[in-house]
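Reviewing the structure listed below.
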Amino acid sequence: MQGGLEGYDLIGDVHGCGATLGSLLERLGYHQRGGVYRHPRRKVIFLGDLIDRGPRIRLAVSIARRMVEEGEAHIVMGNHEYNALAYCHRAPGTLGREWLREHTPRHNRIIKETLEQYHDHPQEWEEALAWFLEIPLCLELDGLRVVHACWDQPLVDALRREYPDGRIDEAFLAASMVPGTLEFRILDRLTRGTHLPLPEGVEIHSGDGFTRRSFRAHFWARHPQTWGDVIFQPDNLPGDLERRELSAEQRSRLSYYGPEQPPLFIGHYWCEGIPALPAANVACLDYSAVKFGRLVAYRWSGEPTLDANHFVWVRVPREEEARPQPWEIDFD
C-alpha cells in the first residue's frame, strides 16, 4: 500500500445509525479534525446503505461524505442509495410513469425515514443525491475487492468497459429500471445479489417483521446442489426446502467467487450473531445494525487470507434500532 497506508477499515451497512458510526470510528482510532474523522495510517471503505430506517440518517451521510471528499475514505453504492436515486429521478416518457422508481406504498415506506429526516433540509438532500450518483458500484484496490452484494466478474467487466471507474450516470440509471437490460442486470446483481423465488404460496415470516417470497443466495459454493448450499440470510427456509435440489436454471443464475480470488468485502445480507467469515476470502459486514444491534468493521492490513479476529464492532443502542411493524413486506 502506498504513502505509508497500513490498511483499510471496511464498514458494513450503517442504515442511519449515525451516532453508532461515530462510536465505531473512534474505537478504530479515528478522531475528528476539521469536522472529518481521520486516522494517521488507515482509511475507511464504506460498503453502502448509509440511508433508510435509522434515526440519524443525515449524520451517517455527512460523516461518510466528508471522509470520502477529504480522501479519508472510499465507498461503494448500496441498493438503498440506488433506490433513492431512482425514487427521486423523473422517468423518461418511454417508461410510462412519473418516477424511475414508482411511488408505491412499499417504496414509500422504505425511504420514509430518509425523506422525513431531510424534509427541512431540501438543499442538503439534493446534494446528497448528487453525491450518491458519484459513488462507484464496486472497487478494486491494493489487493482487495469491495461491492455491496455480489462480485460477478463478467458484469463487473461489462460495467468497466463503459464506465472504467465504476461510476454510473443518469442514462445508465434510467436504463437500469428496465428488466432485461445489461444495466438492470449489473445494478441488480452488484447491489442486490441473487434472489431465488420460493414455491408458489410459500412465504418466509422473518423475525424482523418482514414477509418475503424469495431467499438470498450466496456466490461462493463451488458445486451447489441444494437450496441449503446457497442460502445466505438469518431466516431458515420453511419445511424441508433446504434439501430441495437446485434446478439447472437456478444454478445458471448463480455467480461464483472462487477461493483463489482476492479478498472480497460485502454488506447487504443482514447477518446475525458474532461476526464470522463465510469463506476464507469473503467477509460480510452487514450485521443488521439497525435491526439487531451490531455495526461491524473489518481491519484489513493486506492479508490474502482473512482472519475473523480482525472484526471490530459496536452494539447499537436501543434508540438507534429500527422496529419494523409486523405487517411490513420488503423485497429490497
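Among the residues that make up the stretch 282-292, is at least one of them over 19 Å from Val76 (Cα atoms), hydroxyl-bearing (Ser, Thr, Tyr) and part of a loop (DSSP other than H, G, I, E, B)? Among the residues of the stretch 282-292, not one is over 19 Å from Val76 (Cα atoms), hydroxyl-bearing (Ser, Thr, Tyr) and part of a loop (DSSP other than H, G, I, E, B), which makes the answer no.
Of all the criteria given as (1) closer than 24 Å to Ala128 by Cβ; (2) open to solvent by less than 10 Å² (accessible area, probe 1.4 Å), the one not satisfied by Gly7 is (1). In the stretch 79-105, the residues that are free of Cβ contacts under 8 Å to residues at least 12 places away in the same chain form Cβ pairs under 8 Å with partners that are small (Gly, Ala, Ser), at six or more places apart or across chains, as follows: Arg97/Ala91; Glu98/Ala91.
Can you name the residue in the stretch 124-153 that is small (Gly, Ala, Ser) and in a loop (DSSP other than H, G, I, E, B) and, of all such residues, is surrounded by the fewest Cβ atoms within 10 Å (Cβ to Cβ)?
Kept after step one, since they are small (Gly, Ala, Ser), are these residues of the stretch 124-153: 128, 130, 143, 149.
Still in the running and in a loop (DSSP other than H, G, I, E, B): 143, 149.
Numbers: Gly143: 12, Ala149: 27.
Going through the qualifying residues, I end up with Gly143.
All conditions but one from (1) buried (at least 16 other Cβ atoms within 10 Å of the Cβ); (2) modelled with pLDDT of 95 or more; (3) under 16 Å from Gly18 (Cβ atoms); (4) of a type outside the set (A, V, I, L, M) apply to His121; the one that does not is (1).
Quick check on my filter: what residues within the stretch 238-253 are surrounded by 11 or more Cβ atoms within 10 Å (Cβ to Cβ) and either within 26 Å of the chain's Cα centre (by Cα) or of a type in the set (D, E, K, R) (or both)? It would help to see each step written out before you state the result.
Step one: of the stretch 238-253, the residues surrounded by 11 or more Cβ atoms within 10 Å (Cβ to Cβ) are 238, 241-246, 250-251, 253.
Pro238, Glu242, Arg243, Arg244, Glu245, Leu246, Gln250, Arg251, Arg253 - these are the residues of the stretch 238-253 that are surrounded by 11 or more Cβ atoms within 10 Å (Cβ to Cβ) and either within 26 Å of the chain's Cα centre (by Cα) or of a type in the set (D, E, K, R) (or both).
So which of Val230, Val290 ends up being among the β-branched types (Val, Ile, Thr), touching a residue at least 40 places away in the same chain (Cβ under 8 Å), farther than 30 Å from Met1 by Cα and surrounded by 18 or more Cβ atoms within 10 Å (Cβ to Cβ)? Talk me through it step by step, then tell me what you get.
Details: Val230 fails: touching a residue at least 40 places away in the same chain (Cβ under 8 Å).
Matching residue, one of Val230, Val290: Val290.
Surrounded by 12 or more Cβ atoms within 10 Å (Cβ to Cβ), within 16 Å of the chain's Cα centre (by Cα) and either assigned to a helix (DSSP H, G or I) or not basic (Lys, Arg) (or both): is that true of Ile186 in this structure? It is true that Ile186 is surrounded by 12 or more Cβ atoms within 10 Å (Cβ to Cβ), within 16 Å of the chain's Cα centre (by Cα) and either assigned to a helix (DSSP H, G or I) or not basic (Lys, Arg) (or both). One residue is enough: does the stretch 157-174 have a residue meeting the conditions open to solvent by less than 50 Å² (accessible area, probe 1.4 Å), aliphatic (A, V, I, L, M) and under 18 Å from Arg253 (Cα atoms)? Checked against the condition, which is being open to solvent by less than 50 Å² (accessible area, probe 1.4 Å), aliphatic (A, V, I, L, M) and under 18 Å from Arg253 (Cα atoms), the stretch 157-174 yields at least one hit.
For the stretch 215-259, name all the residues that are among the small types (Gly, Ala, Ser), under 18 Å from Ile186 (Cα atoms) and outside any loop (DSSP other than H, G, I, E, B). Talk me through it step by step, then tell me what you get.
Filtering the stretch 215-259 down to residues among the small types (Gly, Ala, Ser) leaves 217, 221, 228, 239, 247-248, 252, 255, 258.
Still in the running and under 18 Å from Ile186 (Cα atoms): 217, 252, 255.
Correct list: Ala217, Ser252.
The values are calculated or read from the model by the stated rules, or taken from the named source; none is laboratory data. Keep in mind that this is a model prediction, so the values were computed, not measured. With ideal geometry, Cβ positions are generated from the backbone for all residues, glycine too; neighbour counts draw on all protein chains shown. For accessibility, only protein heavy atoms count, side chains too; no ligands or nucleic acids. Shrake-Rupley method; radii C 1.70, N 1.55, O 1.52, S 1.80 Å.
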